[in-house]
Structures are given as structure tokens and as C-alpha cells.
Amino acid sequence: MSQRTDGVLYLIHYSSDIGLKGKNRPDFVRQLKANLRRQLPLRRVQEVQSRLLAWGPTSDLDLSRVFGVAWWTVPRVVAPPTWDAVVATGVAMVREAIARQNVRSFAVRARRSDKRYPKTSLAIERELGAAIVEATGLKVNLTQPDLTVWVEVLRDQAFVYTQKFRGYQGLPVGISGKVFGLFSGGVDSLMAAWFMARRGAAVELVHFHAFTEARYAHQDKAGALAQALAAFIPGLRVHYIPYYLFQAATLSLSARDQRYELIIFRRFMARAAVALAQKHGGQAIFTGDSLAQVASQTMENLAAVDDAVGSFPLFRPLIAFNKDETIGWAERLGFYDIAKRPYKDCCAIISKNPATRARLARVRALEAQLNLEPVLQASLDAVETIAYPADDLPPWPGPTSSPNPVPGA
Ligand code: ATP
Ligand code: MG
């Protein structure tokens, strides 16, 4: 292998979820390789003894954007992996770390994927550890070392590294089918999309906007969040639907029935998402609902939305999340600064006091009276679809604290 002429070598370990797949594993690995190339400027991604090797232009790529990655590093390569060369590399890397940061203690962690290698993992750890003590005078600390020296021995090469970075595990996007999410521009449906993608779903979003044209939503918060999500979700598209057609159709609701407007809108949005899913090969829809978070998310109201889509699968990945957990994820990912911005939200326009226990018979009767079928058709005819990342928006800069180092590194 000619690492020098090919740029910077990345060593990538995939998620335990992929590792568990028996006969199908090659399909999962193939999708992960394709996504690594599609989402990042990586070339020549290849599988070597249950790891991936890839070459990139610089050493600072953030591979946590690719679901299915458990962790990665930019290792030093020792080929062939003679013991003297492994020791020399390990000692040199510890010396470099000492020059860079405050190191008093270290640990060596070895794994041997070639059982024919003349030393066991334990012998590698002991002997390399002893050589480092002798060369540098550092102390060994196996529980809380300032520095960890990892050694992986493969058939015809060894990798040595002192830093590694965590990915978000999961499955490569695209391997588990396609889902259409109702995306409000708020934090819950944003994170619902991220979690569905983390399970390998190809995600498309459906957004009802309260603007005169889709491009205003695209240039506002909804588009900015889609731009950020697209860093994790290759092929992301947002289907923008104007809200005003529904709004005009419900003007005739009596003051007494206005408390049903929100639930009728939810059902309307769910039907629109199903129609788009069926048109574009989606097998399910999802929302950002969380049980009893707000009046519109009572058990009865969630059931009323299910009723609108019949047997079409409707997922709610955040159903059992607390709001602060959802926000915590959005903060960690660097989404929250955008998600908390104010936005011209259609649901905020609708009644502040929705029915908490929608009576299904009443809801259905009102829908029939409003004659919503043609309104749904007209709304679908007015869909504008935008693909992300979009060229006319600034690229998402990524979270400030990424990538996530593994402690001890
Ligand atoms: P979010 O943080 O996603 O806005 P929320 O906690 O504010 O959720 P609701 O306003 O009750 O809750 O919305 C519940 C769900 O309905 C959202 O998570 C989303 O899936 C869907 N939804 C709400 N408004 C819209 C919209 N304008 N366009 C598309 N989907 C929407
Ligand atoms: Mg909301």
C-alpha cells in the first residue's frame, strides 16, 4: 500500500450493529463505504479484516457524520509489522505526545487480528509498555492514563495511534428503507429525523410553511436546519407545502369547533406525508411527537392521527423522550442554536387551546363538512421540493466541539 502518495489514511471501525449482521453484513458494509465516499472527500474506501481503510485530503475530517461508524483514527502504519518497528513507532508517538501535551502516565492497549503474529495482545501491551517506560520515564496507569497507545496488528501491517474519535454508531443511511418525516422546523421533528437516519433510513422531510412561497421557508429556519441535517443524511430532500390552502378551507369552522382545528391539521399533514411517501417509494412516515408533551400529544390525539393514515406505518421515534434529552442531543450536535431561533410556525397560528381528547366521530364529521379531499390534492399539487445541502445556502459549519475524542486519548 502506498499511503504517502494517496493522502491521509483513516482507520474506521464500524458499529456493533453492522458487526452483528450475519449473511447480510456485506450489504451493510457496502452501503457504509458508499456513504463515506458520498458524504466526505474520502477515496478508495476498502474493507480489511473487518475494518475500513480510507484515504482523505486532510487528517481532520469528521467521520461522525456517517452513521454506522463506531469510531475512527488517523493511525501510523507499520508495514511489515516487525516487532522492532512497532516498538520504534510506539515510542516515537509517545515522545511526540509529550512534546504536545502534559503526559505523566500512559497505557498500551493492543489487539491482534492476526493470530499468527508471534506475540499475544498481552505480550504486546507488556513489552511495548516496558520499552516506553525505559525510553521516556513515564508511569504506567491502566485505569486513568493521560495517554493511551493503541496497537492493532493485522496480517501484513500494524496500526499505532494515540487518539481516537467516536462516531454515532447506528446503520448506514439507505440500508433500511425510506421514510418521510413531518418536519415542523422545531427541535423534536429535527431530532426524530436524525434518529431515524441513524437507524439506516433514507429520510425525506415534509414541511408545511406559512409563507407565500417555499423559498422563504428554505431561506429561514427550516432550510437552515435541513442544511445541517444533510451533513448526516445523504440525499435529504424537503417537500415544502403551503399551509394557506388548509387555512382557507377551515375558516368556516365555528368558534366551538375551532378547538379541533389542530387535530384536523395534524391528520391533514399525516395524509399529505403518506401521499408523498407513496409517490416517492417511502415505506413509512414519522413525526416528532412525544407522549403528553403538549395538549396535542395526548394518547387520544396521537391515536386520532394514526386513524387518519390507516394501516400506513407511522413512527414516533421520540415518543418516550423527555424534552431536555431531545434538546441535549440537539445541543451536542450543534443544531440547537438554529432550532431555537423564532420562526413563523403554522401550528402557532392555530388555536392555543386544542381539544386534549379528540372525539374521533366529531373529527371525522368536521372533516367531511370541510370537504378536505380536494384541499389535500391542491396542497400536494403545490409542493415544492428542495434538495440539501443546497448550493444557495452557506455550508453548515458543524458543531464546535466535534469530533468527539474518546477519553484517555
Ligand atoms: P417540533 O419540535 O417538531 O415542532 P413540537 O413539540 O413543537 O414538535 P407539535 O407542534 O405538537 O410538537 O408538533 C408535533 C409534530 O407534528 C411535530 O414533531 C412534527 O412532526 C409535526 N408538525 C408540526 N408542525 C408541522 C409543520 N408545520 N410541518 C410539518 N410537520 C409538522
Ligand atoms: Mg413545534
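The values are calculated or read from the model by the stated rules, or taken from the named source; none is laboratory data. Computed from a predicted structure; not experimentally measured. Ideal geometry is used to build each Cβ from the backbone, glycine not excepted, and the neighbour counts take in all protein chains shown. These area figures cover heavy atoms from the full protein model, side chains too; ligands, DNA and RNA do not enter into them. Shrake-Rupley method; radii C 1.70, N 1.55, O 1.52, S 1.80 Å.
If you check Asp324 against the conditions, is it without any contact (Cβ under 8 Å) to a residue 12 or more places away in the chain and open to solvent by less than 70 Å² (accessible area, probe 1.4 Å)?
Numbers: without any contact (Cβ under 8 Å) to a residue 12 or more places away in the chain: yes; open to solvent by less than 70 Å² (accessible area, probe 1.4 Å): no.
Here the answer is no, as Asp324 does not meet what is asked.
Taking the stated definitions as given, is Leu61 among the aliphatic types (A, V, I, L, M), outside the structural domain of Thr120 (by TED's automatic domain parsing) and either over 22 Å from the mean Cα position of the chain (by Cα) or part of a loop (DSSP other than H, G, I, E, B) (or both)?
yes
Taking the options Leu205, Leu229, name whichever one is under 14 Å from the mean Cα position of the chain (by Cα) and modelled with pLDDT of 95 or more.
Leu229
Given (1) in a loop (DSSP other than H, G, I, E, B); (2) in contact with an Asp or Glu (Cβ under 8 Å, 6 or more places away or on another chain); (3) loosely packed, with under 15 Cβ neighbours inside 10 Å, where does Lys119 come up short, assuming only one miss?
Result: Lys119 fails condition (3) only.
Which count do you get for residues in region 269-314 that are buried (at least 20 other Cβ atoms within 10 Å of the Cβ), within 16 Å of ligand 2 (Cβ to nearest atom) and in a helix (DSSP H, G or I)?
8
Consider Asp84 against the criteria (1) within 24 Å of Gly334 (Cβ to Cβ); (2) modelled with pLDDT of 95 or more; (3) among the acidic types (Asp, Glu): it satisfies all of them except one. Which criterion is unmet?
(1)
Does any residue of region 105-115 turn out to be touching a Phe, Trp or Tyr at 6+ places or on another chain (Cβ under 6 Å), in a helix (DSSP H, G or I) and not β-branched (Val, Ile, Thr)?
Taking every residue of region 105-115 in turn, none turns out to be touching a Phe, Trp or Tyr at 6+ places or on another chain (Cβ under 6 Å), in a helix (DSSP H, G or I) and not β-branched (Val, Ile, Thr).
Let me confirm something: among Tyr10, Tyr14, which residue is within 16 Å of Lys164 (Cβ to Cβ), open to solvent by less than 50 Å² (accessible area, probe 1.4 Å) and free of Cβ contacts under 8 Å to residues at least 60 places away in the same chain?
Exactly one of Tyr10, Tyr14 is within 16 Å of Lys164 (Cβ to Cβ), open to solvent by less than 50 Å² (accessible area, probe 1.4 Å) and free of Cβ contacts under 8 Å to residues at least 60 places away in the same chain, namely Tyr14.
Considering only residues that are under 13 Å from Val66 (Cα atoms) and open to solvent by 10 Å² or more (accessible area, probe 1.4 Å), look in region 188-200 and name the one that is nearest to ligand 1 (Cβ to nearest atom).
For region 188-200, the residue satisfying everything is Phe195.
How many residues are closer than 30 Å to Gln283 by Cα and more than 16 Å from ligand 2 (Cβ to nearest atom) if we restrict to region 137-193?
14
For residues that are more than 14 Å from Met269 (Cβ to Cβ) and either within 12 Å of ligand 1 (Cβ to nearest atom) or in contact with a helix residue (DSSP H, G or I) (Cβ under 6 Å, 6 or more places away or on another chain) (or both), tally how many sit in region 170-187.
Within region 170-187, residues that are more than 14 Å from Met269 (Cβ to Cβ) and either within 12 Å of ligand 1 (Cβ to nearest atom) or in contact with a helix residue (DSSP H, G or I) (Cβ under 6 Å, 6 or more places away or on another chain) (or both) number 8.
Quick test for you: out of Pro317, Pro399, Pro395, Pro407, pick the one residue that is assigned to a loop (DSSP other than H, G, I, E, B), modelled with pLDDT of 90 or more and not assigned by TED's automatic domain parsing to the domain that holds His239.
Of Pro317, Pro399, Pro395, Pro407, the one residue that is assigned to a loop (DSSP other than H, G, I, E, B), modelled with pLDDT of 90 or more and not assigned by TED's automatic domain parsing to the domain that holds His239 is Pro395.
Considering only region 147-155, I want to know if a residue exists there that is within 22 Å of the chain's Cα centre (by Cα) and among the charged types (D, E, K, R). Even if it seems obvious, please write down each step before you answer.
The first filter runs over region 147-155 and keeps only residues within 22 Å of the chain's Cα centre (by Cα), leaving none.
Within region 147-155 (the criterion being within 22 Å of the chain's Cα centre (by Cα) and among the charged types (D, E, K, R)), the answer is no, since none of the residues qualifies.
Filtering region 201-220 down to residues that are farther than 18 Å from Val274 by Cα and buried (at least 23 other Cβ atoms within 10 Å of the Cβ), which residue is farthest from ligand 1 (Cβ to nearest atom)?
Among them, the one singled out is His218.
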